[in-house]
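The values are calculated or read from the model by the stated rules, or taken from the named source; none is laboratory data. Keep in mind it's a predicted model, so treat the numbers as computed, not measured. Neighbour counts are summed over all protein chains in view; Cβ atoms, including those assigned to glycine, are modelled from backbone coordinates with ideal geometry.
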Amino acid sequence: MPWIQRTIELAAQPRGFHLVTREVVAALPELAQIEIGLLHVFIQHTSASLTINENADPEVPADLEASFAAIAPENFPYRHTCEGPDDMPAHVKASLLGAGLMIPVQQGALALGTWQGVYLCEHRRRGGRRRLVLTLWGETAG
Amino acid sequence: MPWIQRTIELAAQPRGFHLVTREVVAALPELAQIEIGLLHVFIQHTSASLTINENADPEVPADLEASFAAIAPENFPYRHTCEGPDDMPAHVKASLLGAGLMIPVQQGALALGTWQGVYLCEHRRRGGRRRLVLTLWGETAG
Amino acid sequence: MPWIQRTIELAAQPRGFHLVTREVVAALPELAQIEIGLLHVFIQHTSASLTINENADPEVPADLEASFAAIAPENFPYRHTCEGPDDMPAHVKASLLGAGLMIPVQQGALALGTWQGVYLCEHRRRGGRRRLVLTLWGETAG
């Protein structure tokens, strides 16, 4: 199968961790044809990031948000403050969490564990829409 | 060469950082045939993770465990506490470290630096066996 | 197109975050021929790492350095101290940031966002030259 590459825009979200597994999968109908492969998800921003975490209890994303706010606090003596107090901690969180995820594809679906989901980590209060580049490739069953 | 994808289960480990390079390589005899390629290692859990770090001095994994326990402490005011005091910090550490690693393959072997090894990071006291999805692809010499 | 794999050495840098996007791209003239693909950048060391972050304001890398020095401080009670006070925090930072980056390739160029750049994160005072393994593959336009 040829490589698939597609850019999608996620709806603007408030600061926090937001499950987007469904949006990512919905953008890739070709996933169903891949027997063995990989999906790369990349966010083209430096104040938001991506992670895989527990997809069931809504208290988990709330605790992730609180934990990362403690690890990269707003009240640190940053020099880069021209874009507001949530900008530089957003950059620190973006490097802690990362701009990309690679997910194995197996028999036409993402090979995530039962409790794993893909999160958009929005680190700004008003981050706006976020752009993802999805790259999918692998072997078809045929 | 066709893509290789294989699921392996790692033996249950106590909380801490455990070298598993040998287990990963042993599961992939096809590695020897790949001239240029990549290996993706993915853990299907959200309270354990994977990292690459120093493979020689056993004090390094002990210090990594202590450091990550300080960065994501158990005594933080988490809401998600129903699965025990080590569960939510485990999720934070899983996002800090990540669920996947990509390693270059060169002339039939992993192209790790001399001091690099693959670690299973077990964040629970009793995490049980952990499942890895290994995906290998590349060019053969022929 | 065949896979491209190339090892490059980055010049020695002082401790801190250093933009290396230009060095990475310059080592891969074949990038221009790839219509859809991926570039993997891997550092073969455990006391330096790679990240993607804001490429414009020089205060951002200064703040990243200060932030990671606070998250993984030198004055933590490490056991592994034989290689100097900046060695064990370097290993912690290497695991927080990661040894590898995957970047989508689109129409002959890296599909980075406008403000994204590739950083070498040098965690030692005298880390010396650092070795990167670049692996590039994808589809040509033809």
Open item on the list: Can you report the number of residues in segment B:61-83 which are free of Cβ contacts under 8 Å to residues at least 24 places away in the same chain and of a type outside the set (D, E, K, R)?
Closed with: 12
Task: Selection from segment A:21-45 of residues that are away from every other protein chain (no Cβ under 13 Å) and buried (at least 21 other Cβ atoms within 10 Å of the Cβ) - done: A:24
Open item on the list: Here is a check on your reading of the model: is residue B:62 part of a helix (DSSP H, G or I), small (Gly, Ala, Ser) and either within 10 Å of chain A (Cβ to nearest Cβ) or in contact with a strand residue (DSSP E or B) (Cβ under 7 Å, 6 or more places away or on another chain) (or both)?
Closed with: no
Open item on the list: One residue is enough: does segment A:71-83 have a residue meeting the conditions modelled with pLDDT of 95 or more, outside any loop (DSSP other than H, G, I, E, B) and either under 12 Å from the mean Cα position of the chain (by Cα) or facing another protein chain (nearest Cβ under 9 Å) (or both)?
Closed with: yes
Task: Of all residues in segment C:84-95 being touching a strand residue (DSSP E or B) at 6+ places or on another chain (Cβ under 8 Å) and among the hydrophobic types (A, V, I, L, M, F, W, C), the one that is nearest to the other protein chains (Cβ to nearest Cβ) - done: C:94
- [ ] For residue A:109, indicate whether it is more than 7 Å from every other protein chain (Cβ to nearest Cβ), touching a residue at least 40 places away in the same chain (Cβ under 8 Å) and out of contact with any strand residue (DSSP E or B) (no Cβ under 7 Å at 6 or more places or on another chain).
- [x] yes
Open item on the list: If I ask for residues that are touching a helix residue (DSSP H, G or I) at 6+ places or on another chain (Cβ under 7 Å) and either farther than 13 Å from residue A:60 by Cβ or of a type in the set (Lys, Arg) (or both), which ones from segment B:73-108 would you list?
Closed with: B:73, B:74, B:76, B:79, B:93, B:96, B:97, B:105, B:108
Open item on the list: Restricting to segment B:102-142, and then to whatever is polar (S, T, N, Q) and at pLDDT 95 or above, can you tell me which residue is surrounded by the fewest Cβ atoms within 10 Å (Cβ to Cβ)?
Closed with: B:114
TODO: For residue A:9, work out the one condition from (1) farther than 30 Å from residue C:61 by Cα; (2) within 14 Å of another protein chain (Cβ to nearest Cβ); (3) of a type in the set (Asp, Glu) it doesn't fulfil.
DONE: (1)
Task: Hey, residue B:102 part of a helix (DSSP H, G or I) and among the aliphatic types (A, V, I, L, M) or not - done: no
TODO: Take residue A:60 and decide whether it is buried (at least 24 other Cβ atoms within 10 Å of the Cβ) and in contact with a Ser or Thr (Cβ under 6 Å, 6 or more places away or on another chain).
DONE: no
Task: Of all residues making up segment A:25-59, the number that are in a helix (DSSP H, G or I) and in contact with a strand residue (DSSP E or B) (Cβ under 6 Å, 6 or more places away or on another chain) - done: 2
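Quick one: would you say residue C:139 is more than 7 Å from every other protein chain (Cβ to nearest Cβ), of a type in the set (Asp, Glu) and either within 14 Å of the chain's Cα centre (by Cα) or farther than 17 Å from residue C:44 by Cα (or both)? Steps first, answer last, please.
Values: more than 7 Å from every other protein chain (Cβ to nearest Cβ): no; of a type in the set (Asp, Glu): yes; either within 14 Å of the chain's Cα centre (by Cα) or farther than 17 Å from residue C:44 by Cα (or both): yes.
Against the criterion (more than 7 Å from every other protein chain (Cβ to nearest Cβ), of a type in the set (Asp, Glu) and either within 14 Å of the chain's Cα centre (by Cα) or farther than 17 Å from residue C:44 by Cα (or both)), residue C:139 does not qualify.
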Open item on the list: Please verify whether residue B:49 is farther than 13 Å from residue B:122 by Cα and surrounded by 16 or more Cβ atoms within 10 Å (Cβ to Cβ), treating the condition exactly as stated.
Closed with: no
